[in-house]
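Peer 1: Dropping a structure here in structure tokens format, bear with me for questions.
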Amino acid sequence: MFEVLFIGLSLTSVLLLIALGLSITYGAMGVINMAHGELVMIGAYTAVLAGIHLGFNIFLSLPLAFVVAALVGLLIERVVIRRLYGRIIDTLLATWGVAIILQQLIRLEFGLTFFGISIEGLGPGLQNMRVPTFMMEPFDLMGLSIQPYRTFILCVTILLTALTWYLVYRTAIGVQVRAIMRNPQMAAACGIDVRRVSALTFAYGSGLAGVAGVLLAGFRTVMPDMGATVVVDGFLVVVVGGVGSLLGTILSSALLGQINGIVSVFSNDIIARAVVFGVVIAIILWRPRGLFSFKSR
Amino acid sequence: MSNRIFILGDRAVYAAFIIIVLALPLLVDDVFWLNRIAKYLVFGMLGLAIALSWGYAGILNLGQGLFFGLGAYMIAMSLKLQSYTSLQQGSDKPIPDFMLWNAEPGAPTDLCCITPGSWLWIPFQAQWFGMAMAVVVPVVFALIIGSTIFRLRVSGVYVAIITLALVLLARLLFIDLQPVTNGFNGLTDLGWLTIAGIEFDPFMVATYYIIAVSVCVVLLLSRWLISTRAGLILQSTRDDPNRSRYLGYDVASYQVFFFTVSAGIAGFAGMLFVIVSEFATPTYFDIAFSISMVVWAAVGGRSSLIGAALGAILINTIEASVSESEMFQQAWRLIIGIVFVLVVLYMPRGLAGLARDVLARVVALSQRTGGKDSQSSHTAAE
């Protein structure tokens, strides 16, 4: 039973990592960022490239991926999303275009392919990130087989969630973010620089996606379209949890992760995912605003 | 005065479209290109279906591939049973080849019970049944989904997310039900559509005409539908659902109706696509495909039926002509991404909106100069 719960727990942590950034950008800014998965992908590629060309290990790659993804996020906010605040469906469509652009840039190695230049670690093929061997060998703890890498993911997720909670609920900028979440016009009237705070929030959410990408790269193949499946899962978690609710995001990723884990033990992975989709649809129909939500814009 | 010119311009575009589509076999004598164009016409129908639900009803359906795929699979089941591969399995009745590969040892070679669920295929031995189901099944599903969603007053982004989740769900189920659907590989080696003893080879001018006439008929019917009273009420529910509700209209009914019509068109398109492409796979349920339809409609003009259809046809035709090499194909996808972002940012009404603006400019100019050559100006704007 414990092992089943642990499978669910590690699925939960991956879901939460992806959903955390999305929850902030969607909740705080009313932006449906379909390129979130591509930011995860960029995080993964950062780790791969840094591993090949700079000799970085996973611990050094994590902060680097955060910075790279945050910068890309900032660029997306400046160029595209800034012009679309308040047009939520349009943000969905425009960021889908951004997602395609990012994927193609990786496939075409930023256009260098046309000049016959090839960079190891980019291009349309599959890539792998090396994980230190001591993190791959399971060890026994009180009769339980513990996988160090999964545990590492879990720890990083908990740390990042705590950090996010601290930033949102215990700092000056967090107060501003929450004010914008409730009512952007009123926040602006109170002297909050909505544009600046929104840009920073988006960059932070993107950075979290980058970190998620590095951790995902440890047990999934890295490829240009790895983000497409990821983003849908993230959205389902955010919508089920309730827009703009950190607690809701945590609990709904736990709920969906455990359902996925438990059902996949008793049948197969495909049925498990199907059940998760069914549950999500039922919850959206039952409570369109999500399980935990407050009145927002 | 200028309003009349817009109506005339609109009619001219429709007429030009229908004439070109019907006359195309006279200009293109390469059957392979004709087959390709037939596929793009089907995509045009999908763009039209998106415009109908998104542009006119305000319902962004990101799971249109669900209905397209259902329609495709229904007809593919019938055509699979007509395929020569199904008649060579040592039985006097047709059995799809993949069922034999999936059958348990000792299972009787009969559709009733060769694999679990294979009995679902029995009625599809009649081709008309598959053809009917290709529209009926998507419509029934859309009715159930639509009435659940819209009676509960789910709207906006949530409709998009639910439909997205539904199409993913369908994709997983179709892959998982290997004994009935042949899983990942889908239904291939299909037979040809046979009506009144005539076999419609996909690479045949007659087959092109089936598609071309269908697209024109659907286009005209949809155009008629949005000009009816129901269509006008629908547009009012898009602009302000609450006001329409207070005026006494049952908003949900109109939404369900148009959502279902859009789904029916998508299912019909799925059927036509299988007839020209000779396969049905779970890729029809990919999110990327469903969102591509929205991209086509957005580039063409979300609130113009013919604009959305032309958007789909143009994008796919250009894609086919530039995709000579793998590298250019990738570059083309990059260009599509950039174009799409630009369209959403700067041209939310798409090419159709652009055409209208140009027409308005020309009309204003010709009125200022006092010229009476409005006839020539609006043909220039096409």
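Peer 1: Residue check, A:Thr201 against (1) surrounded by 21 or more Cβ atoms within 10 Å (Cβ to Cβ); (2) not in a helix (DSSP H, G or I), all met but one. Which one?
Peer 2: Exception for A:Thr201: condition (2).
Peer 1: What are the residue pairs meeting all of these: first residue in region B:352-363, first residue surrounded by 14 or more Cβ atoms within 10 Å (Cβ to Cβ), second residue of a type in the set (Asp, Glu), Cβ atoms under 8 Å, and 6 or more apart or on different chains?
Peer 2: B:Ala355/B:Glu382
Peer 1: With B:Ser303, B:Ser253 as the choices, which residue is among the polar types (S, T, N, Q), within 14 Å of another protein chain (Cβ to nearest Cβ) and more than 30 Å from B:Leu81 (Cβ to Cβ)? Walk me through it before giving the result.
Peer 2: Working: B:Ser253 fails: within 14 Å of another protein chain (Cβ to nearest Cβ).
Going through B:Ser303, B:Ser253 in turn, the sole match is B:Ser303.
Peer 1: Give the residue that is nearest to the other protein chains (Cβ to nearest Cβ), with candidates limited to residues of region B:39-52 that are touching a Ser or Thr at 6+ places or on another chain (Cβ under 7 Å) and more than 11 Å from B:Ser222 (Cβ to Cβ).
Peer 2: B:Tyr40
Peer 1: Which of the residues spanning region A:246-281 are at the interface with chain B (Cβ under 10 Å from one of its Cβ atoms), loosely packed, with under 15 Cβ neighbours inside 10 Å and part of a helix (DSSP H, G or I)?
Peer 2: Correct list: A:Asp269, A:Gly278.
Peer 1: Inspect region A:75-82 for any residue being without any contact (Cβ under 8 Å) to a residue 40 or more places away in the chain and of a type in the set (Asp, Glu) and give the result as yes or no.
Peer 2: no
Results for (1) among the basic types (Lys, Arg); (2) modelled with pLDDT under 80; (3) surrounded by 19 or more Cβ atoms within 10 Å (Cβ to Cβ), shown as yes or no for each residue.
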residue	(1), (2), (3)
B:Arg171	yes, no, yes
B:Phe174	no, no, yes
B:Thr188	no, no, no
B:Ala196	no, yes, no
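Peer 1: If you don't mind, there's one more thing I want to ask. Could you tell me whether any residue of region B:269-283 is among the β-branched types (Val, Ile, Thr) and without any contact (Cβ under 8 Å) to a residue 12 or more places away in the chain?
Peer 2: Here is the first cut: in region B:269-283, the residues among the β-branched types (Val, Ile, Thr) are B:274-276, B:281, B:283.
After this cut, where a residue has to be without any contact (Cβ under 8 Å) to a residue 12 or more places away in the chain as well, the list is none.
No: region B:269-283 contains no residue that is among the β-branched types (Val, Ile, Thr) and without any contact (Cβ under 8 Å) to a residue 12 or more places away in the chain.
Peer 1: Restricting attention to region A:24-47, which residues are modelled with pLDDT of 85 or more and not aliphatic (A, V, I, L, M)?
Peer 2: Matches in region A:24-47: A:Asn33, A:His36, A:Gly37, A:Glu38, A:Gly43, A:Tyr45, A:Thr46.
Peer 1: Anything in region A:217-245 that is farther than 22 Å from A:Ala47 by Cα and not in a helix (DSSP H, G or I)? List them, or say none.
Peer 2: Keep residues of region A:217-245 that are farther than 22 Å from A:Ala47 by Cα, which gives A:232-233, A:235-245.
Answer for region A:217-245, where residues must be farther than 22 Å from A:Ala47 by Cα and not in a helix (DSSP H, G or I): A:Gly242, A:Val243, A:Gly244, A:Ser245.
Peer 1: Given A:Val48, A:Val31, A:Val40, which one is buried (at least 17 other Cβ atoms within 10 Å of the Cβ) and not in a helix (DSSP H, G or I)?
Peer 2: Just a single option satisfies the conditions, and that option is A:Val31.
Peer 1: Output the number of the condition that A:Leu126 fails; it satisfies all remaining conditions of (1) touching a strand residue (DSSP E or B) at 6+ places or on another chain (Cβ under 8 Å); (2) within 25 Å of A:Ile24 (Cβ to Cβ); (3) among the aliphatic types (A, V, I, L, M).
Peer 2: Failed condition: (2).
Peer 1: For region B:112-166: of the residues being surrounded by 18 or more Cβ atoms within 10 Å (Cβ to Cβ) and outside any helix (DSSP H, G or I), which is farthest from the other protein chains (Cβ to nearest Cβ)?
Peer 2: B:Ile114
Peer 1: Please give the number of the condition A:Val79 fails out of (1) among the β-branched types (Val, Ile, Thr); (2) away from chain B (no Cβ under 13 Å); (3) loosely packed, with under 14 Cβ neighbours inside 10 Å.
Peer 2: (2)
Peer 1: In region B:242-256, what residues are in a helix (DSSP H, G or I) and surrounded by fewer than 18 Cβ atoms within 10 Å (Cβ to Cβ)?
Peer 2: B:Asn242, B:Arg243, B:Arg245, B:Tyr246, B:Ser253
Peer 1: Could I ask something else about it? For region A:116-136, name all the residues that are modelled with pLDDT of 75 or more and either facing another protein chain (nearest Cβ under 8 Å) or part of a helix (DSSP H, G or I) (or both).
Peer 2: Listed by number, the list holds a single entry, A:Pro124.
Peer 1: So which of A:Leu92, A:Leu60, A:Leu112, A:Leu102 ends up being within 14 Å of another protein chain (Cβ to nearest Cβ), assigned to a helix (DSSP H, G or I) and either touching a strand residue (DSSP E or B) at 6+ places or on another chain (Cβ under 9 Å) or without any contact (Cβ under 8 Å) to a residue 12 or more places away in the chain (or both)?
Peer 2: Values: A:Leu92 fails: either touching a strand residue (DSSP E or B) at 6+ places or on another chain (Cβ under 9 Å) or without any contact (Cβ under 8 Å) to a residue 12 or more places away in the chain (or both); A:Leu60 fails: within 14 Å of another protein chain (Cβ to nearest Cβ); A:Leu102 fails: either touching a strand residue (DSSP E or B) at 6+ places or on another chain (Cβ under 9 Å) or without any contact (Cβ under 8 Å) to a residue 12 or more places away in the chain (or both).
Only one candidate qualifies: A:Leu112.
Per-residue answers, yes or no, for (1) surrounded by 19 or more Cβ atoms within 10 Å (Cβ to Cβ); (2) touching a Pro at 6+ places or on another chain (Cβ under 8 Å):
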site	(1), (2)
B:Ala16	no, no
B:Leu22	no, no
B:Val28	no, no
B:Trp33	no, no
B:Trp54	yes, no
B:Gly63	yes, no
B:Leu70	yes, yes
B:Met74	yes, no
B:Lys93	no, no
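Peer 1: Still on this structure, I have one more. In the list A:Tyr166, A:Tyr149, which residue meets the criterion of being assigned to a helix (DSSP H, G or I), surrounded by fewer than 13 Cβ atoms within 10 Å (Cβ to Cβ) and away from every other protein chain (no Cβ under 14 Å)?
Peer 2: A:Tyr166
Peer 1: Moving on to the next point. Against the definition (over 21 Å from the mean Cα position of the chain (by Cα), more than 14 Å from chain A (Cβ to nearest Cβ) and surrounded by 22 or more Cβ atoms within 10 Å (Cβ to Cβ)), how does B:Thr181 come out, yes or no?
Peer 2: Considered against the rule, which asks whether it is over 21 Å from the mean Cα position of the chain (by Cα), more than 14 Å from chain A (Cβ to nearest Cβ) and surrounded by 22 or more Cβ atoms within 10 Å (Cβ to Cβ), B:Thr181 comes out as no.
The values are calculated or read from the model by the stated rules, or taken from the named source; none is laboratory data. As the structure is a computational prediction, the values presented were derived from the model and not from experiment. When we count neighbours, we look across all protein chains shown, and the Cβ atoms used for this are built from the backbone with ideal geometry, even at glycine.
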